[in-house]
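Below is one structure, written out as structure tokens; comments come after it.
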Amino acid sequence: MTEDALATTLDRIRVFPIKSLDGVDVDAGDLAPGGGLSRDREFALVDADGDYVNGKNERRIHRVSTAYDLDARTVTLDAPHDADAPAAAAFDLDDPVDRDGIASWVGEFLGYDVDLVGERTDGYPDDTELTGPTVVSRGTLREVASWFDGVDADSMRRRLRANVELASEEPFAEDRLVADLGERVRVRVGDAELFGVNPCQRCVVPSRDPDTGVELDGFRPRFIEKREETMPDWSGGDRFDHAFRLMVNTVVPEGSVGGPLRVGDDVRILGAEAE
């Protein structure tokens, strides 16, 4: 793999301050000590058993809409598709009383008690081993959206929930950041570096409307059929043990912890190396 295999820029950065709820676009983010991005999955909702209240376990969580003011550190919760939902309300993410209020609001909506947790300094990443920002390309979102009637690129963006979006219009450009088992791909992003490792194994969440939670019939078989049909030469390999994979999981080298990612940064592959 050569450095010129991918030449693009970072087009979008999205963080998800409360795990499993909506994301918000930011112009820049620092690579946090746990390997993710600052302000990403800083908090998580859990049930009485301590299990995450997320899209895999709770379809109705899709119906909770969030609006963030990250400068003011506030979040507004609403459920516009549910007439019986609690009234929209704003909460201070740094106020312990308001954090309890977030849990109470979501618990009232779902009909059972939940807690909002946020004690961990490394956040609550979706992948606890490959904790770096997840990567997809603009071209991938458009291509995959075209496989499904009534789904546009922004809906696919919200279904896949990537942190970093490359400006490349080439479908599956992010697959260039995946090498064979035992290898990882070093990528330069502005002043920082990432290691691309694994194509992300998908769950039920991308099949669901991000506003209503309604599942798209036949999503998985259609996705697999089209993924196999359109997979480029640079995809595949040992990491693709099945075709229900999309988006790339990364890890952050120790030397890049605290480094920034910025919209507009150049993105260049530096080469594959042993893990």
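The average projected area of the stretch 1-142, computed from the convex hull of its Cα atoms over all directions, is 10.4 nm².
Annotation: amide H of A179 within the under-5 Å range of V185, sequence separation 5 or more or interchain, hydrogens built in the peptide plane. Taking only the C-alpha atoms of the chain, Rg followed by Dmax gives 18.5, 56 Å.
Taking amide H atoms as placed 1.01 Å from N in the peptide plane, the amide H of D265 lies under 5 Å from those of L10, each 5 or more residues away in sequence or on another chain. Per-residue 3J(HN,Hα) values for the stretch 35-47, derived from phi via the Karplus relation 6.51 cos²θ - 1.76 cosθ + 1.60 with θ = phi - 60°, read x, x, 9, 4, 6, 8, 6, 5, 10, 9, 9, 10, 8 Hz in sequence order (x marks Gly and Pro). Other residues lying with their Cβ under 11 Å from the Cβ of G111 contribute a combined charge of -3, Lys and Arg counting +1, Asp and Glu -1.
Rounded, prolate or oblate: which fits the stretch 157-232, taking a ≥ b ≥ c as square roots of the Cα gyration tensor eigenvalues, rounded meaning a/c under 1.5, else prolate when a/b beats b/c? Numbers along the way, then the final one.
Values: a/c = 2.24, a/b = 1.64, b/c = 1.37.
Prolate shape, in that a/c is at least 1.5 and a/b is the bigger ratio.
For E275, the solvent-accessible surface with a 1.4 Å probe is about 120 Å², rounded to the nearest 10. Scalar couplings 3J(HN,Hα) for the stretch 159-168, obtained by applying the Karplus form with A = 6.51, B = -1.76, C = 1.60 to θ = phi - 60°, are 6, 7, 6, 6, 7, 10, 10, 7, 6, 4 Hz; x denotes Gly and Pro. When Rg and the Kirkwood radius Rh are both evaluated on Cα atoms of the stretch 101-255, their ratio Rg/Rh stands at 1.00.
The values are calculated or read from the model by the stated rules, or taken from the named source; none is laboratory data. All values reported here derive from a predicted model rather than from experimental measurement. Please note: Cβ atoms are built from the backbone with ideal geometry, for glycine as well, and neighbour counts cover all protein chains shown. Ligands, DNA and RNA are excluded from the accessible area calculation, which covers all protein heavy atoms including side chains. Shrake-Rupley method; radii C 1.70, N 1.55, O 1.52, S 1.80 Å.
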